[in-house]
Amino acid sequence: MAFDSFSDWLAMGRHGVYVWTAWGVSLGLLALCVLLVRSEIRTVRRDLRRRIRRAAATNGGGQG
Amino acid sequence: MWAFFHKLGSPRWFYAIASRFEPWCWALALILIVVGSVWGLVFAPADYQQGNSFRIIYVHVPAAFLGQSIYIAMAVCGFVYMVWKIRVADMAAAMMAPLGAVMTFMALLSGSVWGKPTWGTWWQWDARLTSMLILLFLYIGVMVLRATFYRLESAARAAAILTMVGVVNIPIIKYSVEWWNTLHQPASFTITERPAMPVEMWLPLLIMVVGFYAFFAAFTLTRVRSEILRREQSKRWVQDMFREKC
Amino acid sequence: MRQEVRSLDPLDSPGLLRARSSGAGLGTALSATLKRDLLMVTRRPGDALTPLMFFAMVITLFPLGISPDADQLALIAPGILWVAALLAALLSLDGLFRTDHDDGTLEQLMLTPHPLPLLVIAKVAVHWLVTGVPLALLAPLLGLMLSLPEGSYLVLSASVALGSACISLIGAIGAALTVGLARGGMLLALIVLPLFMPVLIFGSGAIVAVIEGGAWLAHLAILGAFLCVALMLAPWAIAASLRVSLHD
Amino acid sequence: MSLSLEARQLACERDGRWLFRGLDLTLNAGDVMRIEGPNGSGKTTLLKVLCGQIVDVEGEVLWQGEPLRRVRSELLANLLYLGHGAGVKAHLSALENLRWYQAISGDQVSSRDCELALARVGLVGFEEVPAIQLSAGQQRRIALARLHLTPRLLWVLDEPFIAIDAEGVAALEQLLAEHARRGGAVLVTTHHALERIEGLRSLRLAGEVAAA
């Protein structure tokens with residue numbers, strides 16, 4: 001453990017603000033990428049499902 | 001091997017492969033990045049000169065690696081698309097570009113934040129940061145060019161040409177900027193060289209780098225799957241796949 | 001009903017048409033394209049003047065913006081001379097293929113049996129002769145206005161001449177990529193400026209080196225190396241880009 | 001070896017819809033083929049595919065029996081393609097334009113031939129005038145003068161009759177027929193009836209399937 005206490009870890013020896021901004025932004029960007037990508041695939045699948053259901057409905061549920 | 005190469009080219013086959021490997025990549029990325037972060041932030045020793053601000057390296061270096069590797073990967077995909085007309089390669093190049101730009105921006109931001117305690121200023125025109133900035137411009141250029149073409153095939157070919165021209169320029173830009181102003185410490189370590197840091201410092205860095213590459217793989221696989229569904233929605237195999245579900 | 005023409009009309013050769021083989025007359029095609037484009041410039045001298053005026057005007061902005069003090073200007077002179085020359089060359093790149101594209105001659109140029117990369121070099125050469133060389137000739141005069149030290153004028157124009165050749169070649173790739181797009185001008189700058197940065201670095205570096213008595217020849221040599229690489233690779237990329245823009 | 005341009009099972013998809021599919025076409029010496037179809041049915045695209053300008057299509061194009069990919073420069077040496085654009089530089093005179101065309105197509109540059117060609121299309125006295133001062137019809141005639149100027153086996157003409165007056169249309173139809181008689185071949189897209197050309201073959205592009 002490179003730090004004595006939790007508060008010492010937070011302070012990062014007067015460099016805390018830099019370390020936490022850099023890390024915060026970076027991990028934040030990663031998290032944002034994950035959210036965007038997962039929602040992208042979900043919306044694509046939902047639109048596709050709706051399109052197929054609508055196509056099936058208009059053709060009287062034929063070959064769709 | 002050739003059959004595999006061409007089968008990889010068919011969107012349907014790639015979709016199946018991607019669906020299978022994707023969850024593993026996400027899991028691997030999550031584990032590695034969490035372990036690397038905790039190790040780097042908590043257990044790794046501080047740098048005797050820079051103190052704890054040194055811990056930013058565990059985010060700055062992986063992002064810088066990703067920024068360059070993704071552009072090279074895009075150029076390779078562009079080449080494969082131009083030569084063998086494998087559409088999945090173009091989809092991959094299109095889908096990974098934003099992540100490359102984000103990673104380059106992340107490297108720039110963490111680099112300049114790291115520069116404040118070390119050099120005393122937010123922005124320093126040092127060789128590596130300047131090369132990163134030019135690389136970000138290259139990413140934006142390719143993405144805007146691809147978005148401007150109305151037809152999909154023209155956009156793919158134009159982007160492939162510009163990316164390949166860009167990738168030829170990356171070493172030129174890197175060394176000319178390097179000559180122009182070298183202030184930054186030499187690259188802390190490349191996979192091949194013996195790292196200048198003690199092992200308990202560069203081991204978490206290695207974990208973070210591998211974690212970022214796993215993230216890149218998972219990100220690309222997921223986005224390419226979405227793109228395949230978007231581009232192949234009129235195809236029968238896509239419709240059959242979704243008809244069973246609804 | 002056709003116009004009555006003198007009896008012996010070579011074009012009326014009644015003989016059967018024969019298939020021709022390709023490959024003849026590449027030299028005439030290149031020189032004809034070069035001559036035609038130069039003729040176009042003489043017909044519309046305005047096109048050749050705009051980059052020069054732009055270059056001169058941008059240079060005069062800096063003393064107004066920064067300070068008329070000779071020492072300060074001399075310090076930044078190499079850099080702003082080169083940046084202004086680069087932007088002036090970029091300005092005229094958009095029209096490189098666009099005029100030919102609009103009137104259909106670009107399509108005809110691509111339908112000749114001759115290799116497209118070579119024909120493209122003829123067009124880029126004209127662009128360099130019409131913008132690069134005049135910029136290089138004008139640069140010393142503007143250097144004088146920025147109180148650039150005496151000895152550096154020759155190296156200044158040599159570096160601008162060499163550098164603008166690279167800029168014409170690399171920029172032509174962007175021009176070919178954006179020729180089919182309606183508002184390609186801004187996009188052209190966006191995609192080629194990053195590629196110009198190494199040329200800018202060594203171009204202005206040469207002038208700084210000659211002022212400080214350093215190895216200015218090394219910088220020009222590197223610019224020459226960039227030019228050789230560009231001459232080898234750019235024509236193929238330009239030809240491929242033209243095919244993308246025109247035929248997709 | 002007499003001229004032969006063949007297309008087998010051509011299929012071209014643009015923006016998700018099929019312009020044409022399963023298209024077979026053979027063009028031999030002496031043929032004049034008109035390609036008709038509503039606007040946007042892919043006429044120009046088909047011409048560009050047959051000239052090898054557009055390559056990402058299914059099916060195969062053969063020139064003199066060889067796949068076009070390998071013999072494209074042979075085709076181009078025997079091809080005269082007049083596209084939508086007149087292909088005339090506005091600030092150059094008719095003569096200068098034609099001299100450039102002669103040079104890039106590898107022929108001997110001679111002003112006399114150019115003047116004769118211009119005379120054949122009714123541009124006597126307009127040789128030195130910058131094209132910008134001519135009417136659209138006259139500018140197109142400069143392009144049509146190339147039909148007289150450079151002897152080529154295969155003519156591919158995209159809407160050549162636009163902005164041409166009735167007398168010019170008649171002269172051009174007669175020229176096409178004469179070209180076919182001399183062993184050449186013509187591929188033309190137009191809405192004109194072209195009744196002066198006997199043995200006219202036509203190909204209708206109606207989107208889905210086309211028969212030659």
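The values are calculated or read from the model by the stated rules, or taken from the named source; none is laboratory data. What you see is a predicted model, and the numbers here were worked out from it, not measured in a lab. With ideal geometry, Cβ positions are generated from the backbone for all residues, glycine too; neighbour counts draw on all protein chains shown. What goes into the accessible areas is simple: the full protein's heavy atoms, side chains included, and nothing from ligands, DNA or RNA. Shrake-Rupley method; radii C 1.70, N 1.55, O 1.52, S 1.80 Å.
Nearest 5 percent is fine: what portion of the DSSP beta bridges confined to the protein assembly as shown is antiparallel? DSSP beta bridges in the protein assembly as shown are roughly 45 percent antiparallel.
Extension gain, D:Q133-D:D165: 0.36 nm per intervening residue step, less the Cα-Cα distance, totals 9.7 nm. Of the whole protein surface, B:F212 contributes about 0 Å² of accessible area at a 1.4 Å probe radius. Residues of segment B:33-49 losing 10 Å² or more of accessible area relative to the isolated chain, 1.4 Å probe, heavy atoms only? Correct list: B:I33, B:S37, B:L41, B:V42, B:F43. Can you give me the % of accessible surface on the protein assembly as shown that is carbon or sulfur? Probe 1.4 Å, all protein chains present, nothing else counted. Roughly 65 percent of what the probe reaches on the protein assembly as shown is carbon or sulfur. Surface burial for B against A, with a 1.4 Å probe and both sides summed, reaches about 3500 Å² of accessible area. For segment D:51-137, GluC sites (Glu not before Pro) meeting the loop criterion (DSSP other than H, G, I, E, B) and having at most 12 other Cβ atoms within 10 Å: D:E128. Label-to-label distance, D:N39 versus B:R243, with points set 7 angstrom from Cα along the beta-carbon direction: 3.8 nm. Relative intensity of segment B:102-177 on a log10 scale, I(q)/I(0) at q = 0.13, 0.24, 0.27 Å⁻¹, equals -0.48, -1.04, -1.16, per a Debye sum over C-alpha point scatterers of equal strength in the absence of solvent. Shape index of segment B:29-163: Rg/Rh, with Rg the Cα radius of gyration and Rh the Kirkwood radius from the inverse mean 1/r over Cα pairs, equals 1.09. With the largest listed first and rounded to whole Å, the semi-axes of the equivalent ellipsoid of segment A:6-57 from the Cα gyration tensor are 46, 8, 4. The solvent-accessible area of D:D24, taken with every protein chain present and a 1.4 Å probe, is close to 70 Å².
With R₀ fixed at 35 Å, the C-beta to C-beta distance from C:D102 to A:T43 puts the FRET efficiency at about 0.30. For B:Y150, A:Y18, the ranking by accessible surface with the largest value first comes to B:Y150, A:Y18, using a 1.4 Å probe. For chain D, the alpha-carbon coordinates run over 49, 35, 33 Å along the three principal axes, in decreasing order. Estimated translational diffusion coefficient (Stokes-Einstein, Kirkwood radius over Cα pairs, 4 °C, 1.567 mPa s) of chain B: 66 µm² per second.
Across the cross-link table entries C:K35/D:K48; B:K174/C:K123; C:K123/D:K48, which are compared at the Cα atoms, the separations over 27 Å belong to C:K35/D:K48; B:K174/C:K123.
Show me you know the interface measure: the accessible area buried between D and C, both chains summed, probe 1.4 Å, in Å² to the nearest 100.
Working: alone 10210 and 13760 Å², together 19680 Å².
Chains D and C together bury approximately 4300 Å².
Quote the convex hull volume per residue of the protein assembly as shown, based on C-alpha atoms, as a whole number of Å³. Don't skip to the end; give the middle numbers.
Details: hull volume 152.6 nm³, N = 770.
Cα convex hull per residue, to the nearest whole number: 198 Å³.
Accessible surface of D:R99, taken over heavy atoms with a 1.4 Å probe and every protein chain present, rounds to 90 Å².
Buried surface for the C/B pair, taken as the accessible area of each chain alone minus that of the pair with a 1.4 Å probe, is close to 2100 Å² in total. Angle of helix D:166-181 to the longest C-alpha principal axis of chain D, folded into 0 to 90 degrees and rounded to 10: 60°. A simple spin-label model places pseudo-atoms 7 Å from Cα toward Cβ; at C:C228 and D:V124 they are separated by 5.9 nm. For segment C:29-44, backbone phi angles converted through the Karplus equation (6.51, -1.76, 1.60; θ = phi - 60°) give residue-by-residue couplings of 4, 5, 5, 5, 5, 4, 5, 4, 5, 5, 4, 4, 5, 5, 5, 10 Hz, Gly and Pro being listed as x.
With respect to chain B, whose longest principal axis is taken over its alpha-carbon atoms, helix B:199-231 is tilted by about 20°.
Provide C:F97, B:F43 ordered by accessible surface of protein heavy atoms (probe 1.4 Å), highest first.
Values: C:F97 0, B:F43 105 Å².
Greatest to least solvent exposure: B:F43, C:F97.
Put a dot 7 Å past the Cα of B:E178, heading toward its Cβ, do the same for D:H91, and the two dots end up 4.6 nm apart. Note that the protein assembly as shown presents 43 Å² accessible area per residue, ligands and nucleic acids not counted, probe 1.4 Å. With N the number of residues in segment D:101-195, Rg(Cα) / (2.2 N^0.38 Å) evaluates to 1.07. Taking every alpha-carbon pair within segment C:2-247, the share separated by more than 34 Å comes to 26 percent. Angle, helix B:11-38 long axis vs. longest principal axis of chain B, Cα atoms, 0 to 90°, nearest 10? Roughly 20 degrees, rounded to the nearest 10. Tell me, in nm to one decimal, what length is gained between B:I72 and B:A147 on full extension, where the rule is 0.36 nm per residue of separation less the Cα-Cα distance? Stretched fully, the B:I72-B:A147 segment lengthens by 25.0 nm.
Across peptide A:43-52, the average count of Cβ atoms from other chains found within 10 Å of a residue's Cβ is 5. If R0 is taken as 56 Å, the Cβ-Cβ distance between C:S31 and D:A11 corresponds to a FRET efficiency of 0.85. Here the contact order of chain D, divided by its residue count and restricted to Cα pairs under 8 Å and six or more residues apart, works out to 32 percent.
Here the Debye sum runs over all C-alpha atoms of segment D:85-151 as equal scatterers in vacuum, and log10 of I(q)/I(0) at q = 0.14, 0.19, 0.28 Å⁻¹ comes out as -0.31, -0.59, -1.35.
Would you please give the FRET efficiency between A:A31 and C:E150, computed as 1/(1 + (r/R0)^6) with r the Cβ-Cβ distance and R0 = 56 Å, to the nearest 0.05?
Working: r = 60 Å, r/R0 = 1.07.
Taking R0 as 56 Å, the efficiency between A:A31 and C:E150 is 0.40.
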